[in-house]
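What follows is a short report on a single structure.
No value in this document is a laboratory result; all are computed from the given coordinates. Everything numeric in this text was worked out from a predicted model, so none of it was measured. Counting neighbours? That spans all protein chains shown, and the Cβs are built from the backbone with ideal geometry, glycine included.
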Amino acid sequence: MNIIVKASDLKYKYPRDTTNRELPKFTGKPDPEPFNRDDLYDILPMLSAAMTALETDDGQILHLLEDIINTELPRCVETREEVFDFLTETVREALGGR
């Protein structure tokens, strides 16, 4: 199952970094590139990958992932693969190991 997250699915509004829009985005691990948590074009593929890894299309889980990015994700977690791991591990813990 491959989940595609659209901007209209999101709980929050994010700025768009149109200058870097065409640069490659997260497609999976490994990915040592920095994650821009303030760019819709970086956030959408990250959330899509996390939802696919979690095997869910539940909107509440999507919003939980957004809350994690906006309130819990430490600034020291910088690369895309670190962010992906942090998101999926945090949600799995919240869901009791799912």
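Could you figure out which of (1) under 16 Å from Glu78 (Cα atoms); (2) surrounded by 14 or more Cβ atoms within 10 Å (Cβ to Cβ) isn't true of Pro34?
(2)
Restricting to the range 78-89, name every residue that is under 14 Å from Lys29 (Cβ atoms) and assigned to a loop (DSSP other than H, G, I, E, B). Write out each step before concluding.
Within the range 78-89, the first condition is being under 14 Å from Lys29 (Cβ atoms), and the residues that meet it are 79-89.
Answer for the range 78-89, where residues must be under 14 Å from Lys29 (Cβ atoms) and assigned to a loop (DSSP other than H, G, I, E, B): there is none.
Condition test on Leu23, is it at negative phi and either surrounded by 14 or more Cβ atoms within 10 Å (Cβ to Cβ) or among the hydroxyl-bearing types (Ser, Thr, Tyr) (or both)?
Values: at negative phi: yes; either surrounded by 14 or more Cβ atoms within 10 Å (Cβ to Cβ) or among the hydroxyl-bearing types (Ser, Thr, Tyr) (or both): no.
No; evaluated as a whole, the condition is false for this residue.
Looking at the range 40-57, is at least one residue part of a loop (DSSP other than H, G, I, E, B), over 13 Å from the mean Cα position of the chain (by Cα) and surrounded by 13 or more Cβ atoms within 10 Å (Cβ to Cβ)?
Applying the first criterion (part of a loop (DSSP other than H, G, I, E, B)) to the range 40-57 yields 55-57.
Add one more test, that the residue is over 13 Å from the mean Cα position of the chain (by Cα), and what stays is 55-57.
Filter once more, keeping what is surrounded by 13 or more Cβ atoms within 10 Å (Cβ to Cβ): 56-57.
Among the residues of the range 40-57, at least one is part of a loop (DSSP other than H, G, I, E, B), over 13 Å from the mean Cα position of the chain (by Cα) and surrounded by 13 or more Cβ atoms within 10 Å (Cβ to Cβ), which makes the answer yes.
Can you work out which of the residues in the range 69-85 that are charged (D, E, K, R) and surrounded by 18 or more Cβ atoms within 10 Å (Cβ to Cβ) is farthest from Tyr14 (Cα to Cα)? If you could, list the steps in order and put the result at the bottom.
Looking only at the range 69-85, we keep the residues that are charged (D, E, K, R), and these are 72, 75, 78, 80-82, 85.
From the residues that got through so far, the ones that are surrounded by 18 or more Cβ atoms within 10 Å (Cβ to Cβ) too are 80, 82.
On the way: Arg80: 17, Glu82: 21 Å.
Restricting to residues being charged (D, E, K, R) and surrounded by 18 or more Cβ atoms within 10 Å (Cβ to Cβ), the top hit is Glu82.
Quickly run through the range 41-68 and pick out the residues that are of a type in the set (D, E, K, R) and within 17 Å of Tyr14 (Cβ to Cβ).
Start the filter on the range 41-68 by keeping residues that are of a type in the set (D, E, K, R), which leaves 42, 55, 57-58, 66-67.
Within the range 41-68, Asp42, Glu66, Asp67 meet the criteria.
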